[in-house]
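**Q** Sharing a structure here in structure tokens format.
Values in this text are rule-based calculations from the coordinates and carry no lab data. Quick caveat, the model's predicted, so the values are computed rather than measured. Virtual Cβ from ideal backbone geometry, glycine too; neighbours counted across all protein chains shown.
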Amino acid sequence: MSKSIQAFLLLLCFTCGLQAQLDLQLLYNFDDDNEFLTSTVEYFGLDAYGRTYFFIDMNYNGDNVEGVSNAYGEFHRAFNISDDLPIGLHFEYDGGLGQYNTPEGDQAYTINSSYLTGLDFYWLSEDFSKALTLSTLYKYIQGKTDSSFQITLVWFANFFEGQLTVNGFADFWKEENTFNDVVEDYVFLSQPQFWYNVTENWAAGSEIQVGYNFGGEKGWDIWPTVAVKATF
């Protein structure tokens, strides 16, 4: 994700007069081994044929690196299949790169590029305050897995006349990873967010990352954050 506030962007698809939106987020991560900052840029655009969405995450001063230690992005395009059915055709690219510090100096790595396609199924409440989308996707992980799958659930809900926003996503996919000679076949990642909307354009809150066999960590791991968000 993620990263994502995809449920909020999905809601915009049904709101008249909104054609594009840009979000900027700054998150402070409380990791057990290394506290660091993350910046997120998100864009959503709506047209007559569907919607375009992307986000780019950049981590700063992680893994004992000064400056940008990791960059990751996702780029989505969805096409409307029918005006009468809540189904869309989904295309997606994910990828990134990073670096970490060792006694011999900084070392670089890439995050395997992934290509996904499938269907989105979505639901929106009558008052436009809540939304859900479920994506069932074929996933190709370049250089690693030729044939895999991913299931993504995205949610959005407004409470207390829009003062509180709860949104986020959960991804479950097949990807073989080895931890100390033990092979694990599945990965789970969820990033629920909780925002207090101070004004129409500014919010403060938290994102909590919950991962299973994610980011080189075997088993379950939880990374809390405090965050601010500007919406344009």
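**Q** List the trypsin sites (Lys or Arg not before Pro) in segment 140-232 that DSSP assigns to loop (not H, G, I, E or B) and whose Cβ has at most 16 other Cβ atoms within 10 Å. Which are they?
**A** Answer in residue order: Lys144, Lys218.
**Q** Obtain the nm distance between the two label points defined at Val228 and Ser129 by a simple spin-label model: each point lies 7 Å from its Cα along the Cα-to-C-beta direction.
**A** 2.9 nm
**Q** Quick one: if you take sqrt(5λ) for each eigenvalue of the C-alpha gyration tensor of segment 102-200, what semi-axes come out, biggest first, whole angstrom? The partial results should precede the final answer.
**A** Working: eigenvalues 231, 82, 26 Å².
Semi-axes from the Cα gyration tensor: 34, 20, 11 Å.
**Q** Within segment 133-196, list the GluC sites (Glu not before Pro) lying in a DSSP loop whose Cβ has at most 16 other Cβ atoms in a 10 Å radius.
**A** Of the GluC sites (Glu not before Pro), the ones in loops of segment 133-196 whose Cβ has at most 16 other Cβ atoms within 10 Å are Glu161.
**Q** Here's something else I'd like to know. For every helix of n ≥ 4 consecutive DSSP H residues, a contribution of -39,500 (n - 2.57) applies; sum these over the chain, divide by its total residues, and give [θ] at 222 nm rounded to the nearest 500 deg cm²/dmol.
**A** After summing the helix terms and dividing by residue count, I get -1000 deg cm²/dmol.
**Q** Using the beta-carbon distance between Tyr43 and Ala157 and R0 = 25 Å, what value does 1/(1 + (r/R0)^6) give for FRET efficiency, to the nearest 0.05?
**A** Taking R0 as 25 Å, the efficiency between Tyr43 and Ala157 is 0.65.
**Q** Of Ser129, Ser114, Ser82, which has the largest mean-square fluctuation in a 10 Å C-alpha GNM of the chain?
**A** Maximum fluctuation in the GNM of the chain, among the listed residues, is at Ser82.
**Q** Now, a different point. What distance in nm separates the two pseudo spin-label positions at Ile208 and Phe79, each 7 Å out from Cα along the beta-carbon direction?
**A** Placing both labels 7 Å beyond Cα along the Cβ direction yields 4.0 nm.
**Q** Can you count the Lys pairs in the chain with C-alpha separation below 21 Å, eight or more apart or on different chains?
**A** Taking the Cα cut-off of 21 Å, the pair count is 10.
**Q** Suppose every K and R has +1 on its Cβ and every D and E has -1 on its Cβ; what is the size of the dipole of the chain about the Cα centre, in Debye to the nearest 20?
**A** Using Cβ point charges on Lys, Arg, Asp and Glu, the chain gives about 560 debye.
**Q** Which GluC sites (Glu not before Pro) in segment 35-143 sit in a loop by DSSP (not H, G, I, E or B) and have at most 16 other Cβ atoms within 10 Å of their own Cβ? Each step should come with its number before you reach the end.
**A** Numbers: sites: Glu35, Glu42, Glu66, Glu74, Glu92, Glu104, Glu126; in loops: Glu35, Glu66, Glu104, Glu126.
Sparse-neighbourhood loop GluC sites (Glu not before Pro): Glu35, Glu66, Glu104, Glu126.
**Q** Specify which residue in the list Tyr53, Asn177, Phe121 is farthest towards the positive end of the charge dipole of segment 6-231, using unit charges on the beta carbon of Lys, Arg (+1) and Asp, Glu (-1), about the Cα centre.
**A** Going by the Cα projections, it comes out as Phe121.
**Q** Same structure again: Could you give the Stokes-Einstein D for segment 155-216 in µm² per second, using the C-alpha Kirkwood radius, 20 °C, 1.002 mPa s? Working shown, then result.
**A** Details: Rh = 13.6 Å.
Rounded to a whole number, D works out at 157 µm²/s.
**Q** Further question on the same structure: Please name whichever of Tyr196, Gly67, Gln209 sits farthest to the positive end of the charge dipole of segment 6-231, dipole taken about the Cα centre and charges placed at Cβ: Lys and Arg +1, Asp and Glu -1.
**A** So the residue we want is Tyr196.
**Q** Additional query: List the equivalent ellipsoid semi-axes of segment 12-169 in whole Å, largest first, each obtained as the square root of 5λ for an eigenvalue λ of the Cα gyration tensor.
**A** The equivalent ellipsoid of segment 12-169 has semi-axes of 32, 21, 13 Å.
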